[in-house]
Structures are given as C-alpha cells and as structure tokens.
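These notes concern the structure reproduced below.
The values are calculated or read from the model by the stated rules, or taken from the named source; none is laboratory data. Since we're looking at a predicted model, the values are computed, not measured. Cβ coordinates were reconstructed from backbone atoms using ideal geometry, including for glycine residues, and neighbour counts include every protein chain displayed.
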Amino acid sequence: MKVGVARETAPGERRVALVPEALGKLTAAGLDVLVERGAGSGCLIPDAAFTEAGATVLPTETLYQEADVVLRVQKPSVDEAARLRSGQVLIGLLQPLLDPGLMRTLAGLGVTAVSLDAIPRTLSRAQTMDALSSQANVGGYKAVILAANAYGRYFPLLTTAAGTAKPANVLILGIGVAGLQAIGTARRLGAIVKAYDVRPETREQAESLGAQFVTLKTAIDATGAGGYARELTAEERAAQQAELNEVIGSMDVVITTAQVPGRKPPVLVTAAAVERMKPGSVIVDMAAGPLGGNCELSVAGETVVSPNGVTILAPDNLPATMPAGASQFYARNISALLLQLVKDGQLQLDFEEEVTKATVITHGGAVVADAVKQLLEPAAPAGNGSAS
Ligand code: NAD
C-alpha cells in the first residue's frame with residue numbers, strides 16, 4: 001500500500017504530516033512512503049532527507065495519482081480535494097464539524113476521510129494519536145516564549161550589580177493541555193505563575209507544576225463531558241469576569257487558553273480588565289479565532305496595543321510557528337492512527353473498533369459520522385401546530 005505525504009498549502013502552514021524519522025515504523029509495516037516534492041520545505045526538511053529515509057519524492061500530480069492513502073496536517077483546499085479519487089483514503093486534522101460541506105464533497109468523490117481531531121481523547125491507547133494534545137502542547141510553550149519576547153522586562157528574579165529585577169507575575173487562564181505546558185514553561189523561565197480554570201480538578205495539576213491556583217469567591221464548577229468545560233451561564237460569566245478583573249489588574253503577563261467545545265471561546269479578560277493592567281503588560285490570547293477570543297480586545301492573527309499600553313497578541317496557528325517540533329509530534333500521532341487502521345500492509349476498517357468508529361468520517365460514498373450527518377441534514381420543517 002502506498003502512503004503519500006501531501007505538501008501543505010494553507011496560508012502560514014509550515015508543518016508536514018510525516019518527518020523522515022517517522023518513516024521506519026511505516027516501512028516496517030510494509031507500507032511504501034511517497035512524499036510530494038517540497039512537502040518538508042516549511043520546516044526546512046529537504047526532499048533528500050525523505051529519500052534517504054526510504055521515501056520516494058514525487059511531483060504533486062503523480063503523488064495524488066499513486067497514493068492509496070494521503071496524509072496531511074490541515075484539511076485540503078478545494079483544488080486539493082478535487083485531486084482525490086474514489087477509494088483513496090485521506091487522513092489529517094480535517095475539522096469535520098467546522099466544515100461539514102467538505103465532508104459531503106469527499107464522500108461524493110468516494111474518498112474515505114479519517115480525521116485526527118475526532119480521536120476519543122480519553123481512551124488511553126489513543127493517546128499516541130492525540131494530535132490535538134500534541135499541538136496544544138507546542139502552542140502552550142510558544143505562547144510563553146512570545147509573551148517573554150513582547151514583555152520589556154525579565155521573567156526571572158535577577159540580582160545584578162546594576163540592581164534587582166523583580167520576577168514577572170504571569171497568569172494562565174484555562175488549564176487544559178496548552179495551559180499546563182504554559183505554566184511549566186513560564187515557571188522554567190522563573191516567573192511567578194498563577195492559574196485558573198473552571199474545572200476544580202485542574203487545581204492539583206497546576207499546583208504540581210508550581211503555579212498558585214486562583215480561587216474565586218464565586219465557586220464555579222463547570223466540568224462538562226469528556227474532561228472538557230461546559231459553557232457558563234450569563235450570571236456565572238458576569239461573576240467570573242468581575243472577580244477576574246481584579247486579579248488580572250496586578251499581572252504583568254496573561255496567557256489565555258480557554259475553550260468550550262463547539263462554542264465561542266469565553267471572554268475572560270474584558271476591556272475593563274485590560275484598562276487595569278500596567279503599561280508594558282502583555283496578553284497572549286491563544287483562543288482567538290473567527291468566533292472571538294478570551295480577551296475582548298484581541299484581534300485574531302494580529303498584535304494590538306491598547307490605549308493604556310498593554311500589548312495583546314492573538315497569534316494564529318501557533319504550532320505552525322514551530323514547524324519542525326510540531327511536525328515531529330504530529331508525525332508520531334498520524335503514524336499511530338494509520339498503523340491502527342492497517343493490517344498486513346492493507347487498510348482494514350473495523351467499525352466495531354472505537355478509534356476507527358470515531359475517526360472515519362466518510363466511507364463508501366457516504367458521510368458515516370453521526371455528528372457530521374446531523375450538521376448536514378436539512379433543518380426539520382417547522383411544526384404545523386399553529387392555527388391557520
Ligand atoms: P480545551 O482546549 O477545550 O480548553 C482549555 C481549558 O479551558 C480547559 O481546561 C477548560 O476547562 C478551560 N475553560 C473553559 N471555559 C473556561 C472558563 N470560562 N474559565 C476558565 N477556564 C475555562 O481543553 P484541552 O486542553 O483540549 O483539554 C480538555 C480536557 O481533555 C482536559 O481535561 C484534558 O486533561 C483532557 N484530556 C484528556 C486526555 C486523556 O485522558 N488521555 C487527553 C487529552 C486531553
């Protein structure tokens with residue numbers, strides 16, 4: 001079976017789905033690896049490195065023609081999707097819930113679409129396939145590095161002949177995978193770190209990494225399904241914002257990572273909170289995107305400076321800014337998923353198996369994932385109970 005690695009074309013995307021070090025496991029499983037010319041260029045991996053590792057480098061058209069399975073990081077563009085053919089398998093972070101229309105197109109083409117972001121994350125044997133976690137980890141690290149870079153002072157306590165620099169006070173909002181990595185990284189840089197989340201279980205995790213957990217008087221337990229948070233009610237949100245405003249005012253750096261699956265990210269840093277911060281303070285909003293962010297003033301993909309001198313960064317796709325490190329982890333994730341779907345060198349989908357069932361979105365000309373099917377169904381006709 002031939003496995004092709006596609007070159008990413010989304011703006012700013014520099015990752016690649018497989019790195020040369022990851023090829024050994026796939027070739028040992030009897031798979032031939034093909035690589036689209038220039039696929040590694042975003043992370044400065046030359047084609048020759050793939051060839052040396054046992055892959056065949058091919059021009060775009062030949063790769064799409066020959067590959068039985070196409071591996072990628074991001075979902076394909078319209079043009080890339082049009083290159084796919086019936087019976088081919090596509091694996092990547094396809095975001096089927098955000099782009100169900102693309103899933104319908106892929107189903108129509110007879111493509112089997114497998115999405116890494118649909119992995120059942122709480123299943124322990126699926127942890128090696130959890131690309132959402134591996135990439136959030138990269139993002140949490142890089143957010144702290146960006147914050148330290150934008151902050152005009154030191155993170156650690158520094159005593160020198162020219163005087164003493166106080167350590168930075170850093171607040172991490174949202175203690176999921178990215179938040180935990182951000183705590184660890186900020187601590188390693190010597191900052192004093194506080195952290196807050198609406199899931200009480202995160203207190204112990206934050207403390208074990210050396211952060212002080214922020215406890216609000218309005219005790220909110222918003223533990224939702226699957227280890228995620230639920231959306232807060234309007235009252236909870238107002239109480240949380242009011243109390244957080246006070247904490248945020250005394251911080252030098254705030255890094256926000258809070259997300260609620262399928263919802264707009266919660267606003268945790270209001271414009272009023274930014275106003276309370278000292279000039280020179282820095283906010284990195286990791287949740288910023290088309291739906292909004294955790295900071296009321298952040299502009300997705302941009303850096304803005306508030307009238308009182310607070311720099312607010314809202315970086316897009318942080319993992320792509322560390323392409324080699326992020327791709328190394330991603331390659332491990334996608335290889336583990338692929339090997340789970342392959343038996344005796346051939347793809348064998350067992351829909352009774354949990355990972356296969358969760359990640360295969362289209363197959364046999366149809367959308368098979370229930371959540372995506374529901375999004376594609378036309379809205380039910382309005383009830384006819386009203387009097388005419
Ligand atoms: P996420 O990106 O969905 O959210 C980040 C954090 O924001 C979460 O901790 C969430 O509780 C928090 N948050 C949401 N609303 C908030 C609010 N209003 N105020 C403050 N914080 C708020 O989360 P994630 O990083 O993808 O991780 C989600 C969960 O999945 C975690 O419990 C994580 O440990 C778990 N997980 C488990 C496994 C596993 O069991 N193998 C693997 C990966 C992740």
> Among (1) assigned to a loop (DSSP other than H, G, I, E, B); (2) among the aliphatic types (A, V, I, L, M); (3) at pLDDT 95 or above, where does Leu98 come up short?
Replying inline: (3)
> With respect to Thr223, is the statement that it is buried (at least 17 other Cβ atoms within 10 Å of the Cβ), within 10 Å of the ligand (Cβ to nearest atom), closer than 18 Å to Pro265 by Cβ and among the hydroxyl-bearing types (Ser, Thr, Tyr) true?
Replying inline: no
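Output the residue which, of all residues in segment 242-262 that are outside any strand (DSSP E or B) and within 9 Å of the ligand (Cβ to nearest atom), is nearest to Asn317 (Cα to Cα). Explain how you work it out, then say what you get.
Here is the first cut: in segment 242-262, the residues outside any strand (DSSP E or B) are 242-252, 257-262.
Okay, now just the ones that are also within 9 Å of the ligand (Cβ to nearest atom), so 244, 257-261.
Details: Leu244: 26, Thr257: 13, Ala258: 15, Gln259: 15, Val260: 18, Pro261: 17 Å.
Looking at residues that are outside any strand (DSSP E or B) and within 9 Å of the ligand (Cβ to nearest atom), I get Thr257.
Hey, among Asn333, Asn308, which residue is touching a residue at least 24 places away in the same chain (Cβ under 8 Å), outside any helix (DSSP H, G or I) and not charged (D, E, K, R)?
Working: Asn333 fails: outside any helix (DSSP H, G or I).
Within the list Asn333, Asn308, the selection yields Asn308.
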> Among the residues of segment 194-207, is any of a type in the set (A, V, I, L, M), away from the ligand (no atom under 12 Å from the Cβ) and either crowded, with 19+ Cβ neighbours inside 10 Å or over 24 Å from the mean Cα position of the chain (by Cα) (or both)?
Replying inline: no
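Looking for whichever is within 16 Å of the ligand (Cβ to nearest atom) and in contact (Cβ under 8 Å) with a residue 24 or more places away in the chain here; the options are Leu180, Leu106. Which one fits?
Numbers: Leu106 fails: within 16 Å of the ligand (Cβ to nearest atom).
That would be Leu180, the only listed residue that is within 16 Å of the ligand (Cβ to nearest atom) and in contact (Cβ under 8 Å) with a residue 24 or more places away in the chain.
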> Mind checking which pairs have a first residue in segment 201-229 that is among the aromatic types (Phe, Trp, Tyr) and a second that is in a helix (DSSP H, G or I) and within 11 Å of the ligand (Cβ to nearest atom), Cβ under 8 Å, 6 or more apart or different chains?
Replying inline: Phe213/Thr202; Phe213/Ala206
> Among helices (runs of 4 or more DSSP H) lying entirely in segment 1-95, which contain 2 or more residues that are at pLDDT 95 or above and in contact with a helix residue (DSSP H, G or I) (Cβ under 7 Å, 6 or more places away or on another chain)?
Replying inline: 23-28, 47-52, 78-83
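The rows are residues; the columns are (1) closer than 27 Å to Gln212 by Cβ; (2) within 16 Å of the ligand (Cβ to nearest atom); (3) within 13 Å of the chain's Cα centre (by Cα); (4) of a type in the set (Ser, Thr, Tyr).
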residue: Ala131; (1), (2), (3), (4): no, yes, yes, no
residue: Gly139; (1), (2), (3), (4): yes, yes, yes, no
residue: Pro156; (1), (2), (3), (4): yes, no, no, no
residue: Thr185; (1), (2), (3), (4): yes, yes, no, yes
> Mind checking which pairs have a first residue in segment 273-294 that is buried (at least 24 other Cβ atoms within 10 Å of the Cβ) and a second that is charged (D, E, K, R) and at pLDDT 95 or above, Cβ under 7 Å, 6 or more apart or different chains?
Replying inline: Ser281/Asp252; Gly293/Asp285; Asn294/Asp285
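Looking at segment 221-241, which of its residues are among the acidic types (Asp, Glu) and not in a helix (DSSP H, G or I)? Reasoning before the result, please.
Looking only at segment 221-241, we keep the residues that are among the acidic types (Asp, Glu), and these are 221, 231, 235-236.
Across segment 221-241, the qualifying residues are Asp221, Glu231.
So, of the residues in segment 109-125 that are aliphatic (A, V, I, L, M) and assigned to a strand (DSSP E or B), which turns out to be farthest from the ligand (Cβ to nearest atom)?
Within segment 109-125, the first condition is being aliphatic (A, V, I, L, M), and the residues that meet it are 109, 111, 113-114, 116, 118-119, 123.
Those left that are additionally assigned to a strand (DSSP E or B): 113-114.
Numbers: Ala113: 22, Val114: 19 Å.
It comes out as Ala113.
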>> Quick check on my filter: what residues within segment 263-284 are within 18 Å of Val193 (Cα to Cα) and within 12 Å of the ligand (Cβ to nearest atom)?
In response: Leu268, Val269
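Listed here are the residues, each with its yes/no results for (1) hydroxyl-bearing (Ser, Thr, Tyr); (2) in contact with a strand residue (DSSP E or B) (Cβ under 9 Å, 6 or more places away or on another chain); (3) buried (at least 19 other Cβ atoms within 10 Å of the Cβ); (4) under 25 Å from Leu232 (Cβ atoms).
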site	(1), (2), (3), (4)
Gln259	no, yes, yes, yes
Val269	no, yes, yes, yes
Glu296	no, yes, no, yes
Val299	no, yes, no, yes
Gly309	no, no, no, no
Ala314	no, yes, yes, yes
Gly325	no, no, no, no
>> Report every pair of residues separated by at least 6 positions or lying on different chains whose Cβ atoms are under 6 Å apart, first residue within segment 115-140 and closer than 11 Å to Leu93 by Cβ, second near the ligand (Cβ under 9 Å from one of its atoms).
In response: Asp117/Leu132; Ile119/Ala126; Ile119/Asp130
